[in-house]
Structure formats: C-alpha cells, structure tokens
Amino acid sequence: KMLSIKGQKTVDEIHKALGRVMWDNVGMSRNKNSLLKALELIPNIRNEFLNNIKIPGNNAEFNSELEKAGRLADFIDLGELMAQDALNREESCGGHFREEHQTNENEARRDDENYAYVSAWEYKKDKHELHKEELNFKNVELVTRSYK
C-alpha cells in the first residue's frame with residue numbers, strides 16, 4: 001500500500017518533521033500548550049505520510065526505504081501516544097518535567113497521591129484507553145529528588 005502512494009515526500013523528510021515536533025514539544029521539558037501543539041501537528045504528519053510518501057523501489061526484494069517507512073508509521077503512533085500520556089500526567093517526575101508543575105526553586109513537583117501507578121495504554125482505533133496499576137510502597141519512602 002505504501003509503495004502505491006507515489007507522493008512527493010521521502011521517509012527521511014517526514015521522519016525529521018516528526019522528530020522536530022517531538023523535540024520541540026514533547027521533550028524533557030514540556031508544558032500543556034506544547035503537548036497540545038504536538039497533538040495538533042502529529043495528525044498532519046500522519047496525513048502527509050499516508051497521502052504524500054515517496055518510497056522508491058518495489059517489494060520484490062529487500063527495500064530499506066520500505067522498511068524505514070514501516071518503522072516511521074510506528075513512530076508516528078508512538079509519538080502521538082507519548083504526547084497524550086505526557087498531557088495526562090499532571091506532575092513532574094523523573095524525566096517527565098512539566099513546566100507548570102515545579103517548585104519555587106524550579107525543582108520537579110510530584111503528585112504521588114494521584115500518580116503513584118504504572119500504566120499501559122491499550123490501542124483503540126479512535127481513542128486509546130489508559131489502564132493503571134496502583135503502586136504500593138512497603139520498603140521505600142516516596143521522596144522528591146533534588147539536584148541541589
């Protein structure tokens with residue numbers, strides 16, 4: 001199907017566009033507005049991929065561009081889900097720094113009362129579903145990391 005599109009954009013061009021959106025909006029430091037912007041831009045990148053991809057060659061033998069395109073399709077879905085998950089988490093914790101959730105000293109402000117769980121997202125065609133498993137700490141005390 002991807003080979004039949006015959007569009008104008010290479011896999012690398014679309015991959016770089018996705019990478020820029022992720023770097024600028026979903027990176028180590030992000031905020032609600034940047035995450036919403038990513039969730040606005042990623043569907044446009046997906047549309048460009050589905051309708052304007054140019055993959056040279058054929059599928060009669062190994063085609064590295066076709067292989068890259070398959071990985072990029074997964075990266076687009078993963079990037080969108082990462083942005084959705086980051087938007088869902090209203091705290092700063094570990095590598096997840098939400099700019100609007102920090103102390104006066106610019107340290108990460110956790111919310112262990114509402115986010116002490118591990119999660120997995122279930123793929124649904126129209127809207128993914130978040131599944132949570134609460135964490136119970138018996139041998140460790142939850143503390144906020146400090147870089148001071």
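The values are calculated or read from the model by the stated rules, or taken from the named source; none is laboratory data. Only a predicted model underlies this, so the values are computations on that prediction, with no experimental measurement involved. Methodologically, a virtual Cβ is constructed for each residue, glycine included, from the backbone with ideal geometry; neighbour enumeration extends over all protein chains shown. Please note that ligands, DNA and RNA were not included when accessible areas were found on the heavy atoms of the full protein model with its side chains. Shrake-Rupley method; radii C 1.70, N 1.55, O 1.52, S 1.80 Å.
Tabulated results
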{"read-out": "Whole-Å semi-axes of region 1-121's equivalent ellipsoid (Cα gyration tensor)", "value": "36, 14, 11"}
{"read-out": "Sites residue 104 and residue 142, calculated FRET efficiency, Cβ-Cβ separation with R0 25 Å, nearest 0.05", "value": "0.75"}
{"read-out": "Residue 60/residue 8 FRET efficiency (R0 22 Å; Cβ-Cβ; nearest 0.05)", "value": "0.40"}
{"read-out": "Qualifying chymotrypsin sites (Phe, Trp or Tyr not before Pro) for region 1-85 [loop in DSSP, other Cβ within 10 Å: at most 10]", "value": "62"}
{"read-out": "Region 1-52: trypsin sites (Lys or Arg not before Pro) in DSSP loop, at most 16 other beta carbons within 10 Å", "value": "1, 6"}
{"read-out": "Longest DSSP-loop-exposure-free segment, GluC sites (Glu not before Pro), the chain, at most 10 other Cβ within 10 Å", "value": "1-60"}
{"read-out": "Helix-only mean residue ellipticity at 222 nm for the chain, each DSSP H run of n ≥ 4 adding -39500 (n - 2.57), per residue, nearest 500", "value": "-14500 deg cm²/dmol"}
{"read-out": "Distant-in-sequence amide H partners of residue 93 (H built 1.01 Å from N, under 5 Å)", "value": "98"}
{"read-out": "Whole-number accessible area per residue in Å² for the chain, which is evaluated in the context of all protein chains at 1.4 Å", "value": "70 Å²"}
{"read-out": "More than 15 Å apart - percent of Cα-Cα pairs taken over region 20-75", "value": "58 percent"}
{"read-out": "For region 1-92: relative contact order, % (alpha-carbon pairs under 8 angstrom, 6 or more apart)", "value": "43 percent"}
{"read-out": "Candidate residues 96, 101: accessible-area rank, largest first, probe 1.4 Å", "value": "96, 101"}
{"read-out": "5 angstrom amide H check on residue 10, placed H, neighbours 5+ away", "value": "54"}
